[in-house]
Amino acid sequence: MTIKDRRIHLFLQLFFLFVGLYQFIQLVGSLQSGQFSGNLFEFQFNDLPIITIATSIIVGATSLISSFSLWTRASWAYGFTLFTSGILFMYHLMNLSEAILQNSYEIIPIVLVLVVILQSFPFLLRRSYRSV
């Protein structure tokens, strides 16, 4: 592993740690604000709140697992991190339209996550191909 690859590895490890923590902080904030008031299994604003909560938990948990697996340098770390990148990309891409319509300040972290994920795909593809 070259110095450049080590730096990218460390950056991705910290990135997935911060994204996982951000997801859980955002979930707790939306639960405390009463955004999901009422029944979780009834449609609110063309969305089921239980599905939104579940996807946020899954994205946060997989990000933290990816960060931990990169830290321990497990053999499956790059493949799982590539999987997590796909989940994160789709989750934030779907939330981008809602952020544009409702709260424009949420666009900044969403776009930052999308840009970093898009730029990390070649590294993760190359490393996951070599580790098999």
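Largest to smallest in accessible area, the residues S33, S128 fall in the order S33, S128 (1.4 Å probe, all protein chains included).
These residues, R6, R126, go from largest to smallest accessible area, 1.4 Å probe, as R6, R126. Both the radius of gyration and Dmax for the chain are 16.1, 53 Å, in that order, over alpha-carbon atoms.
Taking the Cα centre of the chain as reference, the dipole from Cβ charges on Lys and Arg (+1) and Asp and Glu (-1) amounts to some 900 debye.
Taking the longest Cα principal axis of the chain as reference, the axis of helix 3-32 is set at about 10 degrees. Contact order, relative form, for the chain: 25 percent (alpha carbon pairs under 8 Å, 6 or more residues apart, mean separation divided by residue count).
When the chain is treated as a Gaussian network with alpha carbon springs shorter than 10 Å, the biggest mean-square fluctuation among E106, E42, E98 belongs to E42. Tell me the angle of helix 77-102 to the major Cα principal axis of the chain, expressed in degrees between 0 and 90 and rounded to the nearest ten. So the inclination is approximately 30 degrees.
Rolling a 1.4 angstrom probe over the protein heavy atoms with all chains in place gives the chain an accessible area of 63 Å² per residue. Helix content alone sets the calculated 222 nm mean residue ellipticity of the chain: runs of n ≥ 4 DSSP H residues at -39500 (n - 2.57) each, divided across all residues, give -28500 deg cm²/dmol.
Using mean Cβ contacts within 10 Å as the protection proxy, how do 63-73, 109-119, 43-53 order, highest first?
On the way: 63-73: 18.6, 109-119: 15.2, 43-53: 12.8.
In decreasing order of mean packing, 63-73, 109-119, 43-53 become 63-73, 109-119, 43-53.
Here the accessible area is traced with a 1.4 Å probe on the protein chains. For the range 9-132, carbon and sulfur cover 71 percent of it.
The values are calculated or read from the model by the stated rules, or taken from the named source; none is laboratory data. Remember, it's a predicted structure, so these values are computed and weren't measured experimentally. Ideal geometry is used to build each Cβ from the backbone, glycine not excepted, and the neighbour counts take in all protein chains shown. Please note that ligands, DNA and RNA were not included when accessible areas were found on the heavy atoms of the full protein model with its side chains. Shrake-Rupley method; radii C 1.70, N 1.55, O 1.52, S 1.80 Å.
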